[in-house]
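A short reminder: the numbers here are calculations on the coordinates, not readings from a lab. Quick caveat, the model's predicted, so the values are computed rather than measured. For neighbour counting, all protein chains shown are included, and Cβ atoms are generated from backbone atoms with ideal geometry for every residue, glycine included.
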Amino acid sequence: MYAYAMPRQYSMLLDAPYVIIPLFKAAADIFHAETVNRLNSFASIWCVIENMFLAATAEGLACSMRIPVGEEWKHTASVLEVPEGYIVPCYIGVGYAAEKASELEQNTFTVEEKLHLGKW
């Protein structure tokens, strides 16, 4: 799955008519946070990203996402002249799905199949 998905993340962004680059202002040294409170901005931006995906889907649009690897987000921030202290958590491609886009079949389960009481 990984070998299939990773190259597609790039091509879907390149082919997307719109790309959203969300930003969030991070507490000092978020990557070495000593308290959970310092991660509030990080948790909040992912809630925002989820809501953007839900809103786009409700409007009949499709989305793709890629998370920057390593220091890549710093390069993106530099090119886009993002103010100091802001972080790029991901790139979001938005548009209409291709006519021949494959859809994965959703696995369905009953509650009884997934509920485990007193065992793993």
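Based on the mean of other beta carbon atoms within 10 Å per residue, what is the order of 84-90, 12-18, 102-108, 54-60, most packed first? Each step should come with its number before you reach the end.
Details: 84-90: 15.3, 12-18: 13.4, 102-108: 5.7, 54-60: 10.6.
Averaged packing, sorted descending, gives the order 84-90, 12-18, 54-60, 102-108.
What is the calculated FRET efficiency for residue 25 to residue 96, with r their C-beta to C-beta distance and R₀ = 35 Å, to the nearest 0.05?
Using R0 = 35 Å, I get an efficiency of 0.60.
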* To do: Calculate the spin-label point distance for residue 52 paired with residue 105, positioning each point 7 Å from the Cα along the beta-carbon direction, and give it in nanometres.
  => 3.4 nm
* Relative contact order for the chain using alpha-carbon pairs under 8 Å, separation at least 6, rounded to a whole percent? -> 35 percent
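Pop the C-beta distance of residue 11 and residue 119 into the FRET formula with R0 = 35 Å and round what comes out to the nearest 0.05.
Working: r = 43 Å, r/R0 = 1.23.
FRET efficiency, residue 11 to residue 119: 0.25.
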